[in-house]
Every structure is written in structure tokens, then in C-alpha cells.
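Data block below; observations after.
The values are calculated or read from the model by the stated rules, or taken from the named source; none is laboratory data. Values in this document were obtained by computation on a predicted structure and should not be read as measured data. Note that each Cβ is placed from the backbone with ideal geometry, even for glycine, and that neighbours are counted across all protein chains shown. The accessibility values were calculated without ligands, DNA or RNA, using every heavy atom of the protein model including side chains. Shrake-Rupley method; radii C 1.70, N 1.55, O 1.52, S 1.80 Å.
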Amino acid sequence: LITVIALTYASLLEGSLLTEIVFSWPGLGRYITDDLLAADMNAVLGGTIVVGLVFILLNLNSELLYKVFDPTAK
């Protein structure tokens, strides 16, 4: 359950582009998309690294929470 919650939270980051377009909010999804269309690969790479780090941190936190909620888990 902890892993499912963490990955669901991470998938919200993926779906943020639609919300940013509909409500005209500035955000990471729109930033990456606009820079991709403008061929600014350094900005696209930076945004991709940020999204990847968020996924890694969420998975790390879920593994650490396993130790809190289930002390018998290795």
C-alpha cells in the first residue's frame, strides 16, 4: 500500500501538464514542453532530472516507511 501511494503521488507529477494547460498555470510540465518546442535541450534535461529525482526520493521514502510500519521487513 505504501508503494502504491508513493507511485500514485509520483504519477500526479506526470499529469500536471494537462492541469497547467487548462488553468494556464506556470509549472514544470509546461516549462519542459515549451523548452522542448524551442529546442532548449539544457532546460529539458534539467526538468527531466528533477522529475527523475522526485521519483527516486518517493521510492526511497516508501522503502524507509516500510521499516517504520513493518520492523520485520529487511
Residue hits (the range 60-74; open to solvent by 90 Å² or more (accessible area, probe 1.4 Å) and either among the polar types (S, T, N, Q) or over 24 Å from ALA6 (Cα atoms) (or both)) are THR72
Just to be sure, is THR48 of a type in the set (S, T, N, Q) and under 27 Å from LYS67 (Cβ atoms)? no
